[in-house]
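J.: Here you go, one structure.
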There are 2 protein chains.
Amino acid sequence: MSLLNHPILEQSFAVIDREIGEHNFSPAEYAIVRRVIHTTADFEFATLIRFSPGAIENAIASLQRRVPIITDVGMVKQGVAGMVSKTFGTPLIAAVEEAPVPLPGKTRTETGLMQCFELFPDAIFAIGNAPTALLALCAELPKAPVQPALVIGVPVGFISVLESKAALANTPVPQIRIEGRKGGSPVAAAIVNALLILAWEAYES
Amino acid sequence: MSLLNHPILEQSFAVIDREIGEHNFSPAEYAIVRRVIHTTADFEFATLIRFSPGAIENAIASLQRRVPIITDVGMVKQGVAGMVSKTFGTPLIAAVEEAPVPLPGKTRTETGLMQCFELFPDAIFAIGNAPTALLALCAELPKAPVQPALVIGVPVGFISVLESKAALANTPVPQIRIEGRKGGSPVAAAIVNALLILAWEAYES
């Protein structure tokens, strides 16, 4: 139980604990899974989530060093801003807001994300919406000397989403993914918020 | 096909059209359903959504009169701000941001929403997160001389969510609901955005 959570949230977690059944998640993984289920009321996420080995530990250490958090869109930023301000006050940037005008043939989110990756290659990248941004990031990773602390690859939808998640799975970058078409801004925000709590409570204690 | 939509969005809609199968939605209802499925990649929403008779027509007429849009939380506001600015430039308020301090025994969102309802009783209310806010609004409706143009009741989660949706269903207010535990900020935003497009395209033509 975390003081960073509202009592109603802890009640919701108790319902999820009762209903989720057997699982093999580590405590830290389960803290993330539970928050994702809370934000979607969709238990299918427990079967769709993937953690690369060491991803959570790496993210926690990086959050404690206050690396920036880069989101693809404003809704993800909005969804984590409250927890960021209650914990590390980490720099928080929505990529799409960095690119009022897209580069030719690219989306604004993709353009903004590549700008952010150039400035903050070791950041935590949380992609809840824009598969174009995730694809562009994955294409850049093999050439980049510095790798992100974590890539959260959970875009939602019907076009390029599966491809973008497959591209991420094929990189060695520390990552948390949702397989399939599901995902979205609240899922990305839930993962970041759960990591912030894990990092903050380890840091404070 | 709408000029307000990105080409990738129209491609996603084509996939949904192919996969959704037989349904009895009116064209306006389907425009909303399709956008909700797009934002969640979850076809179950087609079976969970409820429209009260005349709700869409009433909302369209109200948006054309530029009634304010009140959201419960910042993520819903963030999710509709772009479409609002491309269409009517409607006043847009996130209730929680109006209440830095909650009233005793109430949540901030509930406190802010009741303030907004006092100021703008005929607004469109989009509740994607906070069942407490939806419950408080439903308790107020029978006493209020002026009724909202529309209540979008789609909070997500495990505590008070079913109760809040049942309370809304028991009022005669024009409403769009998601039955069950599912819903969320992107669902609320998708419904508002679909309504804005319907209202704007009828207005412009």
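J.: For the structure I just gave you, tell me whether B:Val33 is assigned to a helix (DSSP H, G or I), under 14 Å from the mean Cα position of the chain (by Cα) and free of Cβ contacts under 8 Å to residues at least 40 places away in the same chain.
T.: yes
J.: Read through the list (1) under 14 Å from the mean Cα position of the chain (by Cα); (2) more than 21 Å from A:Phe25 (Cα to Cα); (3) surrounded by fewer than 24 Cβ atoms within 10 Å (Cβ to Cβ), then give the number of the only condition that A:Pro148 fails.
T.: That leaves (3) as the condition not met.
J.: Next question, about the same structure. Would you mind stating whether A:Phe51 is aromatic (Phe, Trp, Tyr), more than 11 Å from chain B (Cβ to nearest Cβ) and more than 27 Å from B:Gly79 (Cα to Cα)?
T.: Yes: the conditions hold for A:Phe51.
J.: From the residues in segment A:77-100 that are outside any helix (DSSP H, G or I) and closer than 20 Å to B:Val80 by Cα, which one is modelled with the lowest pLDDT?
T.: A:Pro100
J.: State which residue pairs qualify: first residue touching a residue at least 24 places away in the same chain (Cβ under 8 Å) and inside segment A:92-116, second residue among the aromatic types (Phe, Trp, Tyr) in any location, beta carbons under 9 Å apart, and separation of 6 or more residues or different chains.
T.: A:Ile93/A:Phe120; A:Ala95/A:Phe117; A:Ala95/A:Phe125; A:Leu113/A:Phe125; A:Cys116/A:Phe125
J.: To continue, here is another question. For segment A:102-111, name all the residues that are buried (at least 20 other Cβ atoms within 10 Å of the Cβ) and either in a loop (DSSP other than H, G, I, E, B) or touching a Ser or Thr at 6+ places or on another chain (Cβ under 8 Å) (or both).
T.: A:Thr107, A:Thr109, A:Glu110
J.: Any idea which residue in segment A:117-132 is nearest to the other protein chains (Cβ to nearest Cβ), counting only those that are surrounded by fewer than 24 Cβ atoms within 10 Å (Cβ to Cβ) and touching a residue at least 24 places away in the same chain (Cβ under 8 Å)?
T.: A:Thr132
J.: Suppose we filter segment B:155-205 for residues that are within 11 Å of another protein chain (Cβ to nearest Cβ), β-branched (Val, Ile, Thr) and either outside any helix (DSSP H, G or I) or touching a residue at least 60 places away in the same chain (Cβ under 8 Å) (or both); how many remain?
T.: Here the count works out to 4.
J.: Evaluate the following for B:Ala99: is it out of contact with any Phe, Trp or Tyr (no Cβ under 9 Å at 6 or more places or on another chain), of a type in the set (A, V, I, L, M), within 25 Å of A:Ser12 (Cβ to Cβ) and buried (at least 24 other Cβ atoms within 10 Å of the Cβ)?
T.: no
J.: Taking segment B:54-76, which residues are more than 11 Å from chain A (Cβ to nearest Cβ) and assigned to a loop (DSSP other than H, G, I, E, B)?
T.: Passing the criteria: B:Gly54, B:Arg65, B:Arg66, B:Val67, B:Pro68, B:Asp72.
Matching residues to (1) modelled with pLDDT of 95 or more; (2) farther than 18 Å from A:Pro68 by Cβ; (3) among the acidic types (Asp, Glu):
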position	(1), (2), (3)
A:Ala149	yes, no, no
A:Gly153	yes, no, no
A:Gly157	yes, yes, no
A:Glu163	yes, yes, yes
A:Arg177	yes, yes, no
A:Gly183	yes, yes, no
A:Ala202	no, yes, no
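J.: Would it be correct to say that A:Phe51 is in contact with a His (Cβ under 7 Å, 6 or more places away or on another chain) and of a type outside the set (Lys, Arg)?
T.: So A:Phe51 fails the test.
J.: Another question, if that's okay. Quick one: which of A:Ile8, A:Ile32 is buried (at least 17 other Cβ atoms within 10 Å of the Cβ) and β-branched (Val, Ile, Thr)?
T.: Only one candidate qualifies: A:Ile32.
J.: If you don't mind, another one. Tell me whether segment A:141-152 contains one or more residues that are part of a helix (DSSP H, G or I), touching a Ser or Thr at 6+ places or on another chain (Cβ under 8 Å) and away from chain B (no Cβ under 12 Å).
T.: Yes, that holds for at least one residue.
J.: Another one. Which residue pairs have Cβ atoms under 9 Å apart, sit 6 or more places apart or on different chains, and have a first residue in segment B:1-23 that is acidic (Asp, Glu) and a second that is in a loop (DSSP other than H, G, I, E, B)?
T.: B:Glu10/B:Met1; B:Glu10/B:Ser2; B:Glu19/A:Phe158; B:Glu19/B:Phe43
J.: Which of the residues that make up segment A:161-186 are among the hydrophobic types (A, V, I, L, M, F, W, C) and touching a Lys or Arg at 6+ places or on another chain (Cβ under 9 Å)?
T.: Correct list: A:Val161, A:Leu162, A:Leu168, A:Ala169, A:Ile176, A:Ile178.
J.: Being out of contact with any strand residue (DSSP E or B) (no Cβ under 9 Å at 6 or more places or on another chain) and among the acidic types (Asp, Glu) is the filter here; which residues of segment A:134-180 pass it?
T.: Hits for segment A:134-180 are A:Glu140, A:Glu163.
J.: Continuing with this model, one more query. For segment B:1-25, how many residues are in a loop (DSSP other than H, G, I, E, B) and more than 10 Å from chain A (Cβ to nearest Cβ)?
T.: 10
J.: What about B:Val80, is it under 18 Å from B:Leu195 (Cα atoms) and within 13 Å of chain A (Cβ to nearest Cβ)?
T.: yes
The values are calculated or read from the model by the stated rules, or taken from the named source; none is laboratory data. Given the structure is predicted, the values throughout are model-derived calculations rather than measurements. Methodologically, a virtual Cβ is constructed for each residue, glycine included, from the backbone with ideal geometry; neighbour enumeration extends over all protein chains shown.
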